[in-house]
Structure formats: structure tokens, C-alpha cells
Amino acid sequence: MNTLGHISLGVRSYEASKTFYDAVLAPLGLKLVMATPAAGSRTPRTLGYGPDTDHELVNLFEHKDSVPPGPGCHIAFNAPTRQAVRDFHEAAVRCGGKSNGEPGLRTHYGPNYYAAFVIDPDGWRLEAVCKSDESEPST
């Protein structure tokens, strides 16, 4: 049973975050499934990402004063292949993120733990990980 509904992140720029997350999450099979305009001063503009509208996994809420937690906190996304990890990292750097760990094996986490780490334009730490052998996609 999957018990996690979604994760919500505060971002400073709706437009910049949309550009970044559209590109970064696509290699992982996630797409924009919800976008809402601001609904008054109490409800910020929101972006939602997931594999489909019934499985929204990440929500981004625009708050001009958002500050992510510091080191020790990150969000890891499962990647279907090692190529998807590489594509995630490349898209992140191309769209304003910073590399926080090039794609590669992290055997101290497991023999097939292939990951890349980035920091988004707001400072959120993100990881893409594939735990399958290079020759077979993860499920």
C-alpha cells in the first residue's frame, strides 16, 4: 500500500518553478497535472506534478518568502533507468539548478544505487535514483 499522498514545497516564483520542474521531472515520468491561479490573498498559485491527475505527488505553492530546510533534508525521486537519472541532472543544471552530485553509482548505499543530486533555484535539494542494474529498467 502506498501511504504517501503528496509532498508540498514552497517556491518563490511560479513561472521559474514551472520551467524547472517541467523539465526535471519529465525524465522520471512525472508531468504537470494541475495548475491553479491565485485565489485571493490567502491561496497561492499552485503547480501539481505526478504520473496522472489521480496520482499527484508533488505540489509547489508560490510563497515569496519560502525558505527550504538546510542540509540533511532532500527529496528523492525514483527513476526508471540510469539514463533518466542523467537526464534529470542535465535538465536541472540547464534550467537554473545546481549540481550537488554528478550522476553515478553510490555503492555505499547499495550495489546498484545510481543517483544524481541537484539543488533547485529555490534551494530545495533533490535526488533522482535508479536501483536497477544498467541492463534492466526499475519497476
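The values are calculated or read from the model by the stated rules, or taken from the named source; none is laboratory data. Note that the structure is predicted; figures quoted are calculated from it, not measured. In this analysis, Cβ positions are derived from the backbone assuming ideal geometry, glycine residues included, and neighbour counts consider all displayed protein chains.
Just a few scattered comments:
- LYS98 meets all of the listed conditions (1) crowded, with 17+ Cβ neighbours inside 10 Å; (2) within 22 Å of VAL67 (Cα to Cα) but one, namely (1).
- Residue match in segment 64-81 (condition: among the aliphatic types (A, V, I, L, M), crowded, with 16+ Cβ neighbours inside 10 Å and under 16 Å from the mean Cα position of the chain (by Cα)): yes
- In segment 100-122, the residues that are under 19 Å from ASP22 (Cβ atoms) and either in a helix (DSSP H, G or I) or without any contact (Cβ under 8 Å) to a residue 60 or more places away in the chain (or both): ALA116, ILE119
- Scan of segment 123-139 for residues that are of a type outside the set (Lys, Arg) and outside any strand (DSSP E or B), ordered by number: GLY123, TRP124, SER132, ASP133, GLU134, SER135, GLU136, PRO137, SER138, THR139
- For GLU134, the conditions (1) under 13 Å from the mean Cα position of the chain (by Cα); (2) at pLDDT below 95 all hold with the exception of (1).
- Failed condition for LYS31, given (1) in contact with a helix residue (DSSP H, G or I) (Cβ under 9 Å, 6 or more places away or on another chain); (2) touching a residue at least 12 places away in the same chain (Cβ under 8 Å); (3) surrounded by 16 or more Cβ atoms within 10 Å (Cβ to Cβ): (3)
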